[in-house]
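Engineer: Just passing along the structure, written as structure tokens.
The values are calculated or read from the model by the stated rules, or taken from the named source; none is laboratory data. Just so you know, these numbers come straight off a predicted model, no measurement behind them. Glycine gets a Cβ as well: all are built from the backbone with ideal geometry, and neighbour counts include every protein chain shown. Areas reflect the complete protein model, heavy atoms only, side chains present, ligands, DNA and RNA absent. Shrake-Rupley method; radii C 1.70, N 1.55, O 1.52, S 1.80 Å.
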Amino acid sequence: MSRGGARGGRSGEPIDWVTRAADDAVRHAGEGNLVTVASGASPSGPIHLGNLREFLTPHFVAEELRRRGVAVRHLHSWDDYDRFRKVPAGVPAEWADHIGRPLSAVPDPWECHPSWAEHFKEPLRASLAEMGVQMDEVSQTVMYQAGTYREQVLHAIRHRDRIEEVLGRYRTKAAPETLAESEEEAESLADSVANEEEPAGSGDLARFPYRPWCGECGRDTTDVTSYDDETTVLTYTCRVDGHQGSTTVSEEDGGKLVWKVDWPMRWAWEKVDFEPAGLDHMTPGSSYTVGQELVASIFDWQAPARVTYAFVGIAGVQKMSSSSGGVPTPADALAILEAPMVRWLYTRRAPKQAFTIDFGPEVVRLYDEWDALRRKAADPAKRDVAVLAFERASATADGPLPVPDVAVPFRTLSSVADVTAGSADLISRVIEHLGFPHDTVEQLEPRLARAMAWTASLPAGERTTVRSDPDTDRLASLSEDEELWLRIFLDRLPDELELDEVTSVVYGVPKVARGLGFEDAPTDQVKADQKAFFTLLYNLLVDADRGPRLPTLVVALGAETVRRLLGAPTTA
Ligand SMILES: [Zn+2]
Ligand SMILES: [Zn+2]
């Protein structure tokens, strides 16, 4: 698959945002050098589908570079040395005691992980693995505590006046509200502004770039009271417990650079060539804007090539996500969509385009679109940008991601799951009769389990309820036409239901009732009769005026149930 060069898009191949971002990353690294693409996330809460852009954007760039044969690594920083900022709903109020401590030092209220940070890392890690995302994970807690950045910390402290000169220039600039395109986006922007650092000291030491954790309580609620450039001894007072402590920065690692200095320091230390940034980082005076200047003037590195990514909206959520504050996570999406489809949502649109993931009826249409794209991708003559997105979604350098051997339309699978409310085995047997021969249930996976999960997530009003007993009142008051239709239908309905035959019977009954044959074209009168007949069947079978496609419904219910609900005399 190598294109024999580090540049993409040669020889008439389609070009998309990934191609261009990969070109930018190579340009930043310099031809022939290892390319480092980076992502970062603070495990302060559930990682939502919107945050997934942070991970998948560099992932797709890394995959593009692997395809070109370029040496690349995807470095992911867990910002687990960030402070715990607020107690979310559903967490015991006493966790307020941990505000100001590193996320890695806050206990897991659910008691299933060693820390707050690990509790939120693990589910995302599992989802990314399912999506074929490989990255080198780095814990900033581990890095800082190991003294990895000690020289960089001392360097930043030595240049604190120049840093403050830059920070001060940006500090007065407020975030313009016009950047936000939605209410949720505005909230996230407001959140990022609230995240800005408080001063770490007072007087000359105000805005000190390094903040020690309190030696007594472990919080970052410390004011730097003195710093000796010769000995690197720093003293501080804790605002919470009044503890007066000291640390020797050249020998100890009990603190952290403030965020706006920390981020550019790591760009330089890790030699990052490409890193995406959310829209909330693009405000004037934001950490990204300031970091761009600091990384060059203080840390001797050019800010990485970047793309800015926009908001991902969520719609149609019903019963999902009780564990994540109601906002769906990647795991929720993977329970409904095949892994390549989740990847596809993020690769088919440029990062700066906002989009919405709809977990309602739109899911069915999304599967149809995906299946159509797969058929198109099978024809090399039709290779275009859409097919390129399909290819990026379907496989990584390690190979293709799992797709069903027998790709039954999601519409069909979910209808059968809905009507039968049955086990995978039962659904598999019905599917066999619907014209999708297969040897094992596994051949329908991973799609079958997703159809079942999605169906189960639908609100009761959108589910099909099969009648348990015949509607005797309705059956007793049939019109002459209706009586005739049912008689013909029961007469023609085979015992072994196969979709093609059932389809022809369902559509043929009103024709026969008007003296036509099954294969004759319907007259206008027959078309009107068909409509009335279908409504009658829905009424009698599922107590509604509409439902899943009738032939599918009839096959899924089976001949015995259909006969019983349509008032056929019992054979017993
Ligand atoms: Zn846990
Ligand atoms: Zn303290």
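Engineer: Out of region 301-317, which residues are crowded, with 19+ Cβ neighbours inside 10 Å and within 13 Å of the chain's Cα centre (by Cα)?
Structural biologist: 311, 312, 314
Engineer: Shifting gears a bit: Scanning for something within 16 Å of ligand 2 (Cβ to nearest atom) and among the aliphatic types (A, V, I, L, M), does region 75-88 turn up at least one residue?
Structural biologist: The initial filter retains those residues of region 75-88 that are within 16 Å of ligand 2 (Cβ to nearest atom), namely 83-84.
With among the aliphatic types (A, V, I, L, M) added as a condition, the list becomes none.
The answer is no; no qualifying residue exists.
Engineer: If you scan region 351-363, which residues turn out to be assigned to a loop (DSSP other than H, G, I, E, B) and open to solvent by 20 Å² or more (accessible area, probe 1.4 Å)?
Structural biologist: Our first condition is that a residue be assigned to a loop (DSSP other than H, G, I, E, B); within region 351-363, this holds for 351-354, 359-361.
Selection gives 352, 353, 354, 361.
Engineer: Which one of these does residue 427 not meet: (1) more than 38 Å from the chain's Cα centre (by Cα); (2) open to solvent by less than 60 Å² (accessible area, probe 1.4 Å)?
Structural biologist: The single condition residue 427 does not satisfy is (1).
Engineer: Just checking, how many residues over region 84-127 are under 30 Å from residue 346 (Cα atoms), open to solvent by less than 80 Å² (accessible area, probe 1.4 Å), away from ligand 1 (no atom under 11 Å from the Cβ) and touching a strand residue (DSSP E or B) at 6+ places or on another chain (Cβ under 9 Å)?
Structural biologist: 4
Engineer: Here is a follow-up. Need the failing condition index for residue 50 against (1) free of Cβ contacts under 8 Å to residues at least 60 places away in the same chain; (2) open to solvent by 10 Å² or more (accessible area, probe 1.4 Å), just the number.
Structural biologist: Failing condition for residue 50: (1).
Engineer: What residue, among those in region 215-230 that are under 22 Å from residue 158 (Cα atoms) and assigned to a loop (DSSP other than H, G, I, E, B), is farthest from ligand 1 (Cβ to nearest atom)?
Structural biologist: Kept after step one, since they are under 22 Å from residue 158 (Cα atoms), are these residues of region 215-230: 220, 222-230.
From what is left, the residues that are assigned to a loop (DSSP other than H, G, I, E, B) are 220, 228-230.
Working: 220: 23, 228: 42, 229: 43, 230: 46 Å.
Result: 230.
Engineer: Suppose we filter 50, 69 for residues that are in contact with a helix residue (DSSP H, G or I) (Cβ under 9 Å, 6 or more places away or on another chain) and small (Gly, Ala, Ser); which single one remains?
Structural biologist: Details: 69 fails: in contact with a helix residue (DSSP H, G or I) (Cβ under 9 Å, 6 or more places away or on another chain).
After ruling out the rest, the residue left standing is 50.
Residue-wise test of (1) buried (at least 21 other Cβ atoms within 10 Å of the Cβ); (2) part of a loop (DSSP other than H, G, I, E, B).
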| site | (1), (2) |
| --- | --- |
| 293 | no, no |
| 296 | no, no |
| 332 | yes, no |
| 341 | yes, no |
| 349 | no, yes |
| 365 | no, no |
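Engineer: Which ones in region 524-572 are outside any helix (DSSP H, G or I), polar (S, T, N, Q) and touching a helix residue (DSSP H, G or I) at 6+ places or on another chain (Cβ under 7 Å)? Show your work before the answer.
Structural biologist: Going through region 524-572, the residues outside any helix (DSSP H, G or I) turn out to be 543-549, 558, 566-572.
Adding the requirement that they be polar (S, T, N, Q) leaves 570-571.
Hits for region 524-572: nothing passes.
Engineer: Restricting to region 209-240, name every residue that is open to solvent by 50 Å² or more (accessible area, probe 1.4 Å), among the acidic types (Asp, Glu) and more than 10 Å from ligand 2 (Cβ to nearest atom).
Structural biologist: The answer is 228, 229, 230.
Engineer: Right, here's the next one. For residue 61, are the conditions met, namely being modelled with pLDDT of 95 or more, in contact with a helix residue (DSSP H, G or I) (Cβ under 6 Å, 6 or more places away or on another chain) and open to solvent by 20 Å² or more (accessible area, probe 1.4 Å)?
Structural biologist: Details: modelled with pLDDT of 95 or more: yes; in contact with a helix residue (DSSP H, G or I) (Cβ under 6 Å, 6 or more places away or on another chain): yes; open to solvent by 20 Å² or more (accessible area, probe 1.4 Å): no.
In short, no.
Engineer: Here is a further query. Please go through region 56-92 and pick out each residue that is in a loop (DSSP other than H, G, I, E, B) and free of Cβ contacts under 8 Å to residues at least 60 places away in the same chain. Talk me through it step by step, then tell me what you get.
Structural biologist: Of region 56-92, the ones in a loop (DSSP other than H, G, I, E, B) are 69-71, 79-82, 84-92.
Scanning region 56-92 gives 71, 84, 86, 87, 91, 92.
Engineer: With respect to residue 171, is the statement that it is modelled with pLDDT of 95 or more, surrounded by fewer than 16 Cβ atoms within 10 Å (Cβ to Cβ) and either within 16 Å of ligand 2 (Cβ to nearest atom) or not aliphatic (A, V, I, L, M) (or both) true? Talk me through it step by step, then tell me what you get.
Structural biologist: On the way: modelled with pLDDT of 95 or more: no; surrounded by fewer than 16 Cβ atoms within 10 Å (Cβ to Cβ): yes; either within 16 Å of ligand 2 (Cβ to nearest atom) or not aliphatic (A, V, I, L, M) (or both): yes.
For residue 171, the condition - modelled with pLDDT of 95 or more, surrounded by fewer than 16 Cβ atoms within 10 Å (Cβ to Cβ) and either within 16 Å of ligand 2 (Cβ to nearest atom) or not aliphatic (A, V, I, L, M) (or both) - is not met.
Engineer: How about region 241-272: which of its residues are in contact (Cβ under 8 Å) with a residue 12 or more places away in the chain, open to solvent by 10 Å² or more (accessible area, probe 1.4 Å), under 18 Å from residue 218 (Cβ atoms) and under 42 Å from the mean Cα position of the chain (by Cα)?
Structural biologist: 241, 253, 254, 256, 258
Engineer: I need every pair where a residue in region 542-566 that is not assigned by TED's automatic domain parsing to the domain that holds residue 429 has its Cβ under 8 Å from the Cβ of a residue that is part of a helix (DSSP H, G or I) and of a type in the set (Gly, Ala, Ser), sequence separation at least 6 or different chains.
Structural biologist: Here the result reads 548/415; 548/556; 549/415; 552/415; 553/415; 556/415, each pair linking region 542-566 to a residue that is part of a helix (DSSP H, G or I) and of a type in the set (Gly, Ala, Ser).
Engineer: Pick out the one residue from 450, 467, 487 that is outside the structural domain of residue 533 (by TED's automatic domain parsing) and open to solvent by 40 Å² or more (accessible area, probe 1.4 Å). Steps first, please.
Structural biologist: Values: 450 fails: open to solvent by 40 Å² or more (accessible area, probe 1.4 Å); 487 fails: outside the structural domain of residue 533 (by TED's automatic domain parsing).
Result of the check over 450, 467, 487: 467.
Conditions tested, residue by residue: (1) away from ligand 2 (no atom under 16 Å from the Cβ); (2) in the same structural domain as residue 297 (by TED's automatic domain parsing); (3) within 25 Å of the chain's Cα centre (by Cα).
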residue: 98; (1), (2), (3): no, yes, no
residue: 106; (1), (2), (3): no, yes, no
residue: 119; (1), (2), (3): yes, yes, yes
residue: 122; (1), (2), (3): yes, yes, yes
residue: 137; (1), (2), (3): yes, yes, yes
residue: 152; (1), (2), (3): yes, yes, no
residue: 156; (1), (2), (3): yes, yes, no
residue: 159; (1), (2), (3): yes, yes, no
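Engineer: Enumerate the pairs (first residue in region 21-39 and in contact (Cβ under 8 Å) with a residue 40 or more places away in the chain; second residue anywhere and part of a loop (DSSP other than H, G, I, E, B) and of a type in the set (Asp, Glu)) with beta-carbon separation below 6 Å, excluding pairs fewer than 6 apart on the same chain, so at least 6 apart or on different chains.
Structural biologist: Qualifying pairs under 6 Å: 25/273; 28/273; 29/273; 35/273; 36/273; 38/275.
Engineer: Which of the residues spanning region 470-484 are open to solvent by 80 Å² or more (accessible area, probe 1.4 Å) and farther than 12 Å from residue 567 by Cβ?
Structural biologist: Filtering region 470-484 for residues open to solvent by 80 Å² or more (accessible area, probe 1.4 Å) gives 472-473, 476, 480, 483.
Passing the criteria: only 480.
Engineer: When the residues of region 402-421 are filtered to those that are outside any helix (DSSP H, G or I) and open to solvent by 20 Å² or more (accessible area, probe 1.4 Å), which remaining residue is farthest from residue 14 (Cα to Cα)? Lay out the reasoning, then the answer.
Structural biologist: Just the residues of region 402-421 that are outside any helix (DSSP H, G or I), to begin with: 402-409, 421.
Cutting the leftovers down to open to solvent by 20 Å² or more (accessible area, probe 1.4 Å) gives us 402-403, 405-407, 409, 421.
On the way: 402: 25, 403: 24, 405: 28, 406: 29, 407: 27, 409: 28, 421: 44 Å.
Filtering region 402-421 for residues that are outside any helix (DSSP H, G or I) and open to solvent by 20 Å² or more (accessible area, probe 1.4 Å), the one farthest from residue 14 (Cα to Cα) comes out as 421.
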